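Derivation of every value follows stated rules applied to the coordinates shown; laboratory data play no part. This one's a predicted model, so the numbers in the text were calculated from it and none came from an experiment. Because the Cβ atoms are built from the backbone with ideal geometry, glycine has one as well, and the counts that use them run over all protein chains shown.
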Amino acid sequence: MPGLRFSAVMKIFQGNPYIHVSAARARALKTGWRKPMPVLVRIDGEPSRTPWRINLMPMGTGAFYLYLHGDVRRASKTKVGDRVEVELAFDTAYRNGPMHPMPAWFRAPLAKNAAAKKGWDALIPSRKKEILRYFSWLKSPEARARNVAQALHVLAGKGGRFMARSW
C-alpha cells in the first residue's frame, strides 16, 4: 500500500476519535482535494491484509480529520491518547454515487409521491447514498414502512426529523 506513513496521537473531537492529517499530508495524497477524501488506512499495521476504506473529512483549512470508528480501534488495539503509526493511501478504486440499490419498497412509494420525488431528485449524491445505505440495514417490514413514511414526509418538504437530522 504505497502512500503516506506517519506517527500521530489519536485525539477526540465531539466524541469522535480521530487522527489529524495536515494540509501538507493531504496534498501529498491528492493535490487540491477539498471534499471528503476516500483513503485506504492501516493503524499500527492493522488490518494486515486489506486496509480499511475510510473517508478523510475536510476541516476547511486544507487539513483533514481521519475519524477512527470502533472496529478500527479494536483491530489495532488502540485508544484515544495513544501514539499510532498511520498508513494512508488515496483510494483509487473508490467510485462515488450510491453503493446500495434503491429498494423496491422505497422506489414504488417515492414514484407515487411527486413532491417527495422532486425532493429526492434535489438531494446531493452523498445524501442519497447515506439514505440508501441506511435503508439497506432495515430488516423488518415495520421498520421499512415507518422509515419510508418519514422519508416521504421530509422529502416532500413538510419538515421533521429523519436519520437524526432536521429537514
| request: Could you sort out which of Lys30/Lys158; Lys30/Lys117; Lys11/Lys139; Lys112/Lys139; Lys35/Lys79; Lys77/Lys139 sit more than 30 Å apart by Cα distance in this structure? | output: Lys30/Lys158; Lys30/Lys117; Lys11/Lys139; Lys77/Lys139
| note | Exposure-ranked with fewest Cβ neighbours within 10 Å first, Tyr94, Tyr18 stand as Tyr94, Tyr18
| task | List the extent of the Cα atoms of the stretch 61-127 along each of their three principal axes, largest first, rounded to whole Å. | result | 53, 28, 23
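Once the other residues with Cβ under 12 Å from the Cβ of Gly157 are scored (Lys, Arg +1; Asp, Glu -1), what is the net sum?
On the way: positive: Lys117, Lys118, Lys158; negative: none.
Overall, the nearby charge balance is +3.
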| query | How many percent of the alpha carbon pairs in the stretch 1-81 exceed a separation of 21 Å? | reply | 23 percent
| query | Got a sec to turn the phi values of the stretch 128-138 into Karplus ³J(HN,Hα) couplings, 6.51 cos²θ - 1.76 cosθ + 1.60 with θ = phi - 60°, whole Hz, x for Gly and Pro? | reply | 4, 4, 4, 5, 5, 5, 4, 4, 5, 8, 6
| message | For the chain, set up a GNM with springs between Cα atoms under 10 Å and report which of Gly15, Gly62, Gly70 has the largest fluctuation. | response | Gly15
